[in-house]
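Peer 1: Structure incoming, see below.
The values are calculated or read from the model by the stated rules, or taken from the named source; none is laboratory data. Keep in mind that this is a model prediction, so the values were computed, not measured. Cβ: placed from backbone, ideal geometry, glycine included. Neighbour counts: every protein chain shown. Only protein heavy atoms, including side chains, enter the accessible area calculation; ligands, DNA and RNA are left aside. Shrake-Rupley method; radii C 1.70, N 1.55, O 1.52, S 1.80 Å.
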Amino acid sequence: MLKVSFSDRAIPAKGTLVLSVFDGAVLGEKGNELNSEANGLLVDFMARREFTGSAGSMQTITKPAGLDYEELILVGFGKAEKLTALSVEEAGGRTFARLCDLGITDAAMVLELPDGAALDADEVAARFGSGAVLRDYRFDKYKTDHGVKKDGDDSKSKKAKDDKRLKKLKIITSSAAKAKKAFADYEAVANGVHIARDLVSEPANELYPVSYAKRVKELESLGLEVEILDQKELEKKGMKALLSVGHGSERDSALVVMIYRGAETGKSGSKAKGKGKGKNAEFTTPPVAFIGKGITFDTGGISLKPAAGMGDMKWDMGGSASVVGAMAALAGRKAKVNAVGVIALAENMPSGRATRPGDIIGSLSGQTIEVLNTDAEGRLVLADALWYTEDRFKPQFMIDLATLTGAIIVALGKEFAGMFADDDTLAEQLTAAGKQVGDKVWRMPLDPAYDKMLETDGADMKNIGGRDAGSATAAHFLKRFVRDVPWVHLDIAGMAWSGKTTPFTPKGGTGYGVRLLDQLVRDNYEK
Ligand code: BES
Ligand code: MN
Ligand code: ZN
């Protein structure tokens, strides 16, 4: 793991140095000193390469004449007055990747802001560190050094590669103490992102409902309370919709509840359990609630999916991973908020016990559902999870995240999550949070006409609405299991996994949603 530190002392004269450059090839005071020391080398070099310091650009000078560095890396930040947290994080991520490519394990960075910068020095330093830490992720636990190797070739050795990653980054800034404090929070959030990526990347033979629940339980060390409702408990409670999805699987289903109490007043805390006089006996202030779809593998069930690409369905638990990561982030940075995370875990398999198309099932809410397509399973597990969450916690709001429909990928591609909201305030807050952290959302319509498409003769509703507007009818299905609290559904089918690397997100599980929910809370729901 990369260790980021902050210092306001002198810059080292040796090793690898990273230097911030702003639009117009503008160097800071220290940058200019280095340039003089090297007889104008930096300015000459930038002019020759037509390097202007635009955002996203970078140049490496190996063994700069007149200076003692191995590598001097110029990182472009663009226009100072246009600086955003996101652009700085991207610079941090890119720099981390470049340093790793060069095989550098230890580097210092000089971050100097020109006048009129849109962000303070401490925030820029901390966000730069955040971007680097976010980019410092690999899922390689199943890579081994076993097998036949050609003579003299150890390029594939995992260990050798490990040693060649950046381990230490010292950021030199005028505001080191404040930067360090801000960075501690971002590091906790990045840890949440990494937890989500790990869960999403894990294959379904390793990560199934019960093993998943155990892994979440381990997060109690961060200050979360974790309850596991096992198959038996779910049967007792009557979560028939959730259970119907796991019915065909050899693996038991589960529901995991994470509770974080960051806004409890006085000593009451968990002791207040059952004694409260308000609507919710478990908290003195109502929690915010996040609910996640956790299908550990989605074969489609009896409505079997085609073989091509089915392996992708190991990440059909992406929504739940975002919820786990977000809860870990809030607890890790000790956010002043009460929050609950509820994840519905099941494996959707075909078998002699599996739910059949045409089956009519019950649900925790009492409503009945005609299952016309067993591949529309996410909405079934979420139906019970939403009902349970509202019933038990009376939260301020509920946000569910789910890799729910292929149709949302057709509509929005891999740029935006689809957002279905019955509350304008919450929708606006999420949109703003998404822009800040780069977890973008785009609002999609809810309308009674879509709801009508779920009507059927034999039961209260069917689980598919037909070919048209597949993401909207899925959202309306969920809406039938929400009563009195503001609710937003995020369809993240296009976002949980990426085939391409972006500045601070390596390809693979993205951890989408963790930063979004954290930012939402940070901006609007902390005391
Ligand atoms: N998990 C899938 C949705 C999905 C598809 C996520 C591709 C990520 C990538 C979901 O359970 C599903 O199968 N949805 C069906 C719904 C249909 C049967 C109404 C779909 O989108 O085809
Ligand atoms: Mn499915
Ligand atoms: Zn699914």
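Peer 1: Here are the criteria: (1) open to solvent by less than 60 Å² (accessible area, probe 1.4 Å); (2) more than 16 Å from ligand 3 (Cβ to nearest atom). Tell me which single one Arg443 does not satisfy.
Peer 2: (1)
Peer 1: Then there's this: Among the residues of the range 369-428 satisfying the criterion of being of a type in the set (Ser, Thr, Tyr) and more than 16 Å from ligand 2 (Cβ to nearest atom), which is surrounded by the most Cβ atoms within 10 Å (Cβ to Cβ)?
Peer 2: Initially, the range 369-428 is screened for residues of a type in the set (Ser, Thr, Tyr), giving 374, 388-389, 403, 405, 425.
This time we only want the ones that are more than 16 Å from ligand 2 (Cβ to nearest atom), so: 388-389, 425.
Working: Tyr388: 24, Thr389: 27, Thr425: 11.
My answer is Thr389.
Peer 1: Moving on. Can you say whether Leu426 is in contact (Cβ under 8 Å) with a residue 40 or more places away in the chain, in a helix (DSSP H, G or I), more than 16 Å from ligand 1 (Cβ to nearest atom) and closer than 16 Å to Met444 by Cβ, as far as the supplied structure shows? Before you say what the answer is, go through the steps one by one.
Peer 2: On the way: in contact (Cβ under 8 Å) with a residue 40 or more places away in the chain: yes; in a helix (DSSP H, G or I): yes; more than 16 Å from ligand 1 (Cβ to nearest atom): yes; closer than 16 Å to Met444 by Cβ: yes.
Yes, satisfied.
Peer 1: For residues that are touching a residue at least 60 places away in the same chain (Cβ under 8 Å) and either surrounded by fewer than 19 Cβ atoms within 10 Å (Cβ to Cβ) or at positive phi (or both), scanning just the range 486-500, find the one that is nearest to ligand 3 (Cβ to nearest atom).
Peer 2: So, considering only residues that are touching a residue at least 60 places away in the same chain (Cβ under 8 Å) and either surrounded by fewer than 19 Cβ atoms within 10 Å (Cβ to Cβ) or at positive phi (or both), the one nearest to ligand 3 (Cβ to nearest atom) is Ser498.
Peer 1: Turning to a different aspect of this structure: With respect to the numbered conditions (1) touching a Gly at 6+ places or on another chain (Cβ under 9 Å); (2) surrounded by fewer than 24 Cβ atoms within 10 Å (Cβ to Cβ); (3) in a loop (DSSP other than H, G, I, E, B), which one is the sole condition not fulfilled by Asp468?
Peer 2: (1)
Peer 1: Being of a type in the set (Lys, Arg) and assigned to a helix (DSSP H, G or I) is the filter; apply it to the range 159-216 and report the residue that is least open to solvent (accessible area, probe 1.4 Å). Even if it seems obvious, please write down each step before you answer.
Peer 2: Of the range 159-216, the ones of a type in the set (Lys, Arg) are 159, 161, 164-165, 167-168, 170, 178, 180-181, 197, 214-215.
Retained after the next criterion (residues that are assigned to a helix (DSSP H, G or I)): 159, 161, 178, 180-181, 197, 214-215.
On the way: Lys159: 130, Lys161: 117, Lys178: 127, Lys180: 135, Lys181: 161, Arg197: 2, Lys214: 131, Arg215: 75 Å².
It comes out as Arg197.
Peer 1: Here's another thing I want to ask about it. Does Thr473 satisfy the criteria of being in contact with a Leu (Cβ under 9 Å, 6 or more places away or on another chain) and within 16 Å of ligand 3 (Cβ to nearest atom)?
Peer 2: On the way: in contact with a Leu (Cβ under 9 Å, 6 or more places away or on another chain): yes; within 16 Å of ligand 3 (Cβ to nearest atom): yes.
In short, yes.
Residue-wise test of (1) out of contact with any strand residue (DSSP E or B) (no Cβ under 8 Å at 6 or more places or on another chain); (2) touching a residue at least 40 places away in the same chain (Cβ under 8 Å); (3) not small (Gly, Ala, Ser).
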{"site": "Glu89", "(1), (2), (3)": "yes, yes, yes"}
{"site": "Leu119", "(1), (2), (3)": "yes, no, yes"}
{"site": "Phe128", "(1), (2), (3)": "no, yes, yes"}
{"site": "Leu134", "(1), (2), (3)": "no, yes, yes"}
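Peer 1: Another question, if that's okay. Can you report the number of residues in the range 309-345 which are more than 15 Å from ligand 2 (Cβ to nearest atom) and on the phi < 0 side of the Ramachandran plot?
Peer 2: Number of matching residues: 22.
Peer 1: May I pose another question? Lys479 - would you say it is closer than 27 Å to Ser303 by Cα and more than 16 Å from ligand 2 (Cβ to nearest atom)? Even if it seems obvious, please write down each step before you answer.
Peer 2: Details: closer than 27 Å to Ser303 by Cα: yes; more than 16 Å from ligand 2 (Cβ to nearest atom): yes.
Yes.
Peer 1: Since Leu345 meets every condition but one in (1) buried (at least 24 other Cβ atoms within 10 Å of the Cβ); (2) within 23 Å of Glu227 (Cβ to Cβ); (3) out of contact with any Gly (no Cβ under 7 Å at 6 or more places or on another chain), which condition does it not meet?
Peer 2: (3)
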